[in-house]
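Data block below; observations after.
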């Protein structure tokens, strides 16, 4: 009448997918002087005078970046002054970009302000393919040690 069923335990490992990870959030009252390097996603609403490198970057409306951005995907709502190097670039109506945009695919929403050059490339190099060096000569270390990172309370 009652049968014992064969129960096999299944272990499921959590996904290690960078796109599914929780982003690092930087609030609008944070001012950073230096470089930011992350293997994950960054949701940025502060002020950065330096370079940023990550898998996916979302720049909110109050954000301001003066420097170089390297990412797989960039979603820009705020101000950017400098080079953007990304596979996918999305510029929304509230963004203000001055500089060079190197991309494989780009979307520009009506109302976005762009003053600069667009450079379409067939392949943007990411960390997996080669080590990237920022224009100021600072290499992005694999050990994720951030040099010149200073938080200034605003």
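The values are calculated or read from the model by the stated rules, or taken from the named source; none is laboratory data. This is a predicted model, so every value here is computed, not measured. Positions of Cβ are backbone-derived with ideal geometry, glycine not excepted, and every protein chain shown enters the neighbour counts.
Please give the number of the condition residue 80 fails out of (1) in a strand (DSSP E or B); (2) under 21 Å from residue 28 (Cα atoms); (3) modelled with pLDDT under 95.
The number of the failed condition is (3).
So, in the stretch 75-86, exactly how many residues are crowded, with 17+ Cβ neighbours inside 10 Å and farther than 13 Å from residue 45 by Cα? Break it down stepwise before answering.
So the first thing to find is which residues in the stretch 75-86 are crowded, with 17+ Cβ neighbours inside 10 Å, and the list is 75-80, 82-86.
Next, only the ones that are farther than 13 Å from residue 45 by Cα stay: 82-86.
Residues flagged as crowded, with 17+ Cβ neighbours inside 10 Å and farther than 13 Å from residue 45 by Cα within the stretch 75-86 amount to 5.
Hand me the list of strands (runs of 3 or more DSSP E) wholly inside the stretch 20-74 holding 2 or more residues that are in contact (Cβ under 8 Å) with a residue 12 or more places away in the chain and surrounded by fewer than 17 Cβ atoms within 10 Å (Cβ to Cβ).
On the way: elements: 24-26, 30-33, 41-44, 47-49, 52-59, 64-66.
Ranges flagged: 24-26, 30-33.
For the stretch 83-98, name all the residues that are touching a residue at least 24 places away in the same chain (Cβ under 8 Å) and assigned to a strand (DSSP E or B).
Of everything in the stretch 83-98, those that are touching a residue at least 24 places away in the same chain (Cβ under 8 Å) and assigned to a strand (DSSP E or B) turn out to be 85, 86, 87.
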